[in-house]
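Undergrad: Let me give you the structure first, and then I'll get to my questions.
The values are calculated or read from the model by the stated rules, or taken from the named source; none is laboratory data. The structure presented is a predicted model; accordingly, all values stated were derived computationally and were not measured. Cβ coordinates were reconstructed from backbone atoms using ideal geometry, including for glycine residues, and neighbour counts include every protein chain displayed. Calculation scope for accessible area: heavy atoms of the full protein, side chains included, ligands and nucleic acids excluded. Shrake-Rupley method; radii C 1.70, N 1.55, O 1.52, S 1.80 Å.
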Amino acid sequence: MEVAVSMDPLFLAWSSSRRRKFQRCSDICSKLLSESPYDQAAWSLKTRALTEMLYIDEVELDQEGIADIMLDESSIAQVARPGTSLRLPGTSQGGAPTPAVRPMTQSGRPITGFVRPSTLSGRPETMEQAIRTPRTASTARPVTSASGRFVRLGTTLFEYIFHLENDVKTALDLAALATEHAQFKDWWWKVQLGKCYYRLGLHREAEKQFRSALAHQEFVDTYLYLAKVYQRLDQPITALNVFKQGLDHFPAEVTLLTGIARIHEEMNNMISATEYYKEVLKQDNTHVEAIACIGSNHFYTDQPEIALRFYRRLLQMGVFNCQLYNNLGLCCFYAQQYDMTLSSFERALALVSSDEEQADIWYNLGHVAVGIADLTLAYQCFKLALAFNNNHGEAYNNLAVLELRKGRIEQVGDLQSSYMAAQKSEDAFPEHVDTQQILKNLRQHFATL
C-alpha cells in the first residue's frame with residue numbers, strides 16, 4: 001500500500017526561492033499568509049521573493065541625463081582641468097584612437113565596446129525635452145537616474161521599503177534608528193544610510209557614511225558604492241584612488257579592476273583601460289565586458305584581425321545578438337575575409353530588435369558597399385538607414401558625399417559658412433588633417449579677394 005507524502009508548504013516555498021522561481025514562492029507564501037496572517041517566516045520569504053524579482057544592482061553607476069547635469073549643485077568649478085573630469089575627458093592619450101576613427105557620444109566620451117548603465121543611449125538631447133519628460137515617483141523633478149529607475153523593488157523590511165516601495169525617506173528613518181540602536185558600530189546599516197543619501201542626491205552625506213562603514217569593516221561593495229559617489233561628483237581621480245585602496249585589501253578583485261578600466265575608458269585613456277581589462281581577463285577569462293572592450297579597442301587601432309579573435313571568443317561563449325554579428329561583419333570586412341562579411345550582417349539583421357539597431361547595420365553595410373566600389377548599393381543602404389532612424393547623422397553625411405560625387409550640388413560659393421564650420425571642426429578635433437587643409441585653402445582664397 002502506497003502512502004502519499006505532502007511537502008511542507010513553507011519548505012516548498014523556500015525551495016522555489018532557491019531555484020529562483022520567485023513568482024511561485026510568492027504565491028505559496030500568499031496562500032500561507034491567508035491562513036496564518038502573523039507567520040513571520042512566510043512574510044520574510046515573500047518579501048525576499050518580491051525583491052529578487054525586481055532587484056537592480058545598486059553598485060552600477062546610473063546613467064546621468066541632461067536633467068542631472070543641469071540641476072547639479074555639487075560642481076565647484078565651471079571648467080575642469082584636463083584629465084580630471086568625466087564630462088570633459090580630453091583628447092586621446094598615448095597613441096589611442098582619435099575621434100577621426102573612433103565615434104564619440106554627444107558628451108565627448110568614446111563609444112565603448114560594452115553597454116552599461118552609464119553609457120546607455122536615448123537620453124534627451126535638449127533641456128526642453130528633459131523637462132517635458134513624465135514625472136513619477138512623487139517628485140517634481142524630471143525623470144532622472146535618481147527617480148525614474150526606481151519606481152519599484154525590495155528585501156525584508158528595509159530593502160522592501162527601499163526597493164519595492166521606493167519610499168527612500170522612510171527607509172532612511174529606519175536605517176537611522178537601526179544605526180542608533182547598534183550604537184553606530186554596525187557597518188551594514190551605515191552602508192544602507194549611504195545608499196539612501198545617494199538616492200536623495202545628498203552625495204557628501206553618502207560619502208561620510210560609506211567611509212565610516214569602511215572604518216568598521218572592509219567590504220568590496222562599500223568601495224564600489226564610495227567610488228560611485230565620486231563618479232557622480234565628477235571626481236574620477238578620487239574614484240580611482242578608492243578603487244586602488246580596495247585592491248590593497250582585496251588583491252585582483254575583478255569588480256574593482258573593472259571599475260578602474262571603465263574610468264580610464266571614459267577619460268579617453270585607452271592604453272590604461274586596455275591594460276586593466278587584460279588584468280581582468282587574467283582573473284576571469286570569461287568576462288564579457290573585458291573581452292568586448294578589448295576587441296573594440298583593437299578594431300579602432302587598425303587591428304581588425306585581433307579584434308576578430310575576441311569577438312569569436314564571445315560567440316563561443318554563447319553571446320548571441322545582432323551587435324556581436326554586426327561587429328563580426330565589420331572585422332571580417334576590414335580583415336579581408338569577405339566570405340564571412342555578408343553572412344555575418346545577414347545574421348545580424350535576422351536578430352535585430354529595434355529600429356536604431358537596424359539603422360546601424362544598414363549604415364555599416366553601406367560602408368562595405370563603398371569599400372567594394374558599389375556606390376548604388378551604398379546609396380540604397382544609407383537610405384535604408386535613414387528610413388529606420390531619421391536622426392542618423394552619419395548616414396546623412398555619407399549620402400551627401402555620394403551626391404557630391406554625382407555632381408548634384410544645390411549651393412556653391414558660401415565660403416564664409418564653410419570657414420565657420422571648419423573652425424568648429426578644428427575646435428572639436430585639432431589634429432584632423434583634412435580640416436586643417438580646408439582652412440588653409442580658404443585662408444589663401446580670402447587673401448586673394
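Undergrad: Looking only at segment 348-363, decide whether some residue is in contact with a helix residue (DSSP H, G or I) (Cβ under 8 Å, 6 or more places away or on another chain) and under 24 Å from Thr286 (Cβ atoms).
TA: Among the residues of segment 348-363, at least one is in contact with a helix residue (DSSP H, G or I) (Cβ under 8 Å, 6 or more places away or on another chain) and under 24 Å from Thr286 (Cβ atoms), which makes the answer yes.
Undergrad: From the residues in segment 245-297 that are in contact with a Gly (Cβ under 8 Å, 6 or more places away or on another chain) and within 29 Å of Ala215 (Cα to Cα), which one is surrounded by the fewest Cβ atoms within 10 Å (Cβ to Cβ)?
TA: Glu253
Undergrad: Inside segment 201-222, can you point out the residues that are charged (D, E, K, R) and open to solvent by 40 Å² or more (accessible area, probe 1.4 Å)? If you could, list the steps in order and put the result at the bottom.
TA: Quick first cut of segment 201-222, residues charged (D, E, K, R) only: 204-205, 207-208, 211, 218, 221.
Arg204, Glu205, Lys208, Arg211, Glu218, Asp221 - these are the residues of segment 201-222 that are charged (D, E, K, R) and open to solvent by 40 Å² or more (accessible area, probe 1.4 Å).
Undergrad: Among the residues of segment 363-389, write down those that are open to solvent by less than 80 Å² (accessible area, probe 1.4 Å) and of a type outside the set (A, V, I, L, M, F, W, C).
TA: Of everything in segment 363-389, those that are open to solvent by less than 80 Å² (accessible area, probe 1.4 Å) and of a type outside the set (A, V, I, L, M, F, W, C) turn out to be Tyr363, Asn364, Gly366, His367, Gly371, Asp374, Tyr379, Asn389.
Undergrad: Would you be able to tell me the number of residues in segment 227-243 that are without any contact (Cβ under 8 Å) to a residue 24 or more places away in the chain and surrounded by 23 or more Cβ atoms within 10 Å (Cβ to Cβ)?
TA: Qualifying residue count for the region: 2.
Undergrad: In the set Leu314, Leu308, Leu281, Leu342, which member is closer than 30 Å to Phe219 by Cα, assigned to a helix (DSSP H, G or I) and of a type outside the set (D, E, K, R)?
TA: Working: Leu314 fails: closer than 30 Å to Phe219 by Cα; Leu308 fails: closer than 30 Å to Phe219 by Cα; Leu342 fails: closer than 30 Å to Phe219 by Cα.
None of the other options fit; the residue is Leu281.
Undergrad: So, one more: Quick check on my filter: what residues within segment 191-224 are out of contact with any His (no Cβ under 7 Å at 6 or more places or on another chain) and among the charged types (D, E, K, R)?
TA: Of everything in segment 191-224, those that are out of contact with any His (no Cβ under 7 Å at 6 or more places or on another chain) and among the charged types (D, E, K, R) turn out to be Lys195, Arg199, Arg204, Glu205, Glu207, Lys208, Arg211, Asp221.
Undergrad: On to the next question. Looking at segment 307-346, which of the residues that are of a type in the set (Gly, Ala, Ser) and crowded, with 16+ Cβ neighbours inside 10 Å is farthest from Leu365 (Cα to Cα)?
TA: For segment 307-346, the residue satisfying everything is Ala307.
Undergrad: Next question, about the same structure. What's the number of the only condition in (1) crowded, with 18+ Cβ neighbours inside 10 Å; (2) without any contact (Cβ under 8 Å) to a residue 24 or more places away in the chain that Ser417 fails to meet?
TA: Failing condition for Ser417: (1).
Undergrad: Looking at segment 192-221 only, could you name the residues that are part of a helix (DSSP H, G or I), under 24 Å from the mean Cα position of the chain (by Cα) and of a type in the set (A, V, I, L, M, F, W, C)?
TA: Within segment 192-221, Cys196, Ala206, Phe210, Val220 qualify.
Undergrad: Which of the residues belonging to segment 347-362 are open to solvent by less than 60 Å² (accessible area, probe 1.4 Å) and either over 11 Å from Leu384 (Cβ atoms) or touching a residue at least 60 places away in the same chain (Cβ under 8 Å) (or both)?
TA: Across segment 347-362, the qualifying residues are Ala348, Leu351, Val352, Ser354, Glu357.
Undergrad: Of these, Gly201, Gly194, Gly246, which one is in contact with a Leu (Cβ under 6 Å, 6 or more places away or on another chain) and in contact (Cβ under 8 Å) with a residue 24 or more places away in the chain?
TA: Unique residue meeting the criteria: Gly246.
Undergrad: If you don't mind, another one. Please pick out the residue among Leu256, Leu281, Leu224 that is over 19 Å from the mean Cα position of the chain (by Cα) and touching a residue at least 12 places away in the same chain (Cβ under 8 Å). Explain how you work it out, then say what you get.
TA: Values: Leu256 fails: over 19 Å from the mean Cα position of the chain (by Cα); Leu224 fails: over 19 Å from the mean Cα position of the chain (by Cα).
Exactly one residue qualifies, and that residue is Leu281.
Undergrad: A further question follows. Step by step: first the residues of segment 163-191, then only those that are open to solvent by 30 Å² or more (accessible area, probe 1.4 Å) and under 24 Å from the mean Cα position of the chain (by Cα), then the one that is nearest to Leu233 (Cα to Cα). Which residue is that?
TA: Asn166
Undergrad: Continuing with the same structure: Among (1) free of Cβ contacts under 8 Å to residues at least 24 places away in the same chain; (2) part of a loop (DSSP other than H, G, I, E, B); (3) farther than 30 Å from Gly318 by Cβ, there is one condition Thr179 misses while meeting the rest; what is its number?
TA: Only one criterion is unmet by Thr179, namely (2).
Undergrad: Residue by residue through segment 284-305, note down the ones that are in contact with a Pro (Cβ under 7 Å, 6 or more places away or on another chain) and assigned to a loop (DSSP other than H, G, I, E, B).
TA: Selection gives Thr301 alone.
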